[in-house]
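Structure first, commentary second.
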Amino acid sequence: QVQLVESGGGLVQAGGSLRLSCTASGLTFGSYAMGWYRQAPGKERELVALMTTGGVTNYADAVKGRFTISRDNAKNTVYLQMNSLKPEDTGVYYCRALQLIRFYWGQGTQVTVSS
């Protein structure tokens, strides 16, 4: 049974930082691309950052230069370091494991940035 468990969300003031973690079990972690997505109230879920199995990264324009995705295959964990947070970064953050047409979602962690 595949499980993705996110942690690290919370309430932070604008300009602050948070680090999200997502730990996977039940899959061969190193063979999956890992991504972070977010969903703000009333909006669709959107890609925030993605890291391939080879370490290639891709970021949404809104977070470039502020967020950094990384992974530790030995710990089956992907991270999202979020700096210079803005109120518009508020939302539920989800991690996703992707391998061709197979994918799994975590349950999400709430990030709230106050102005």
Residues in the stretch 45-87 that a label on R19 would reach, taking backbone N under 15 Å of a point 7 Å out along Cα→Cβ: 67-73, 75-84
Solvent exposure of the stretch 76-115 as accessible area per residue, Å², 1.4 Å probe: 49 Å²
After finding the eigenvalues of the alpha carbon gyration tensor for the stretch 1-48, what semi-axes result from the square roots of 5 times each, listed largest first in whole Å? 24, 15, 10
Of the heavy-atom accessible surface of the chain (probe 1.4 angstrom), what whole percent is carbon and sulfur? 49 percent
State the three equivalent ellipsoid semi-axes of the stretch 12-81, derived from the C-alpha gyration tensor as the square roots of 5 times its eigenvalues, in descending order and whole Å. 22, 13, 13
Residues of the stretch 71-107 with the amide nitrogen closer than 14 Å to a label point 7 Å from the Cα of A62, along Cα-to-Cβ, please. 85-94
Taking the full set of protein chains and a 1.4 angstrom probe, give the accessible area of V63 in square angstrom, rounded to the nearest 10. 0 Å²
State to the nearest 20 debye the size of the charge dipole of the chain about its Cα centre, where the only charges are +1 on K and R beta carbons and -1 on D and E beta carbons. 120 debye
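The values are calculated or read from the model by the stated rules, or taken from the named source; none is laboratory data. Note that this is a predicted model, so its numbers are computed, not measured. So basically every Cβ, Gly included, is an ideal-geometry build from the backbone, and we count neighbours across all protein chains shown. We work out accessible area using only protein heavy atoms, side chains counted, and drop any ligands, DNA or RNA first. Shrake-Rupley method; radii C 1.70, N 1.55, O 1.52, S 1.80 Å.
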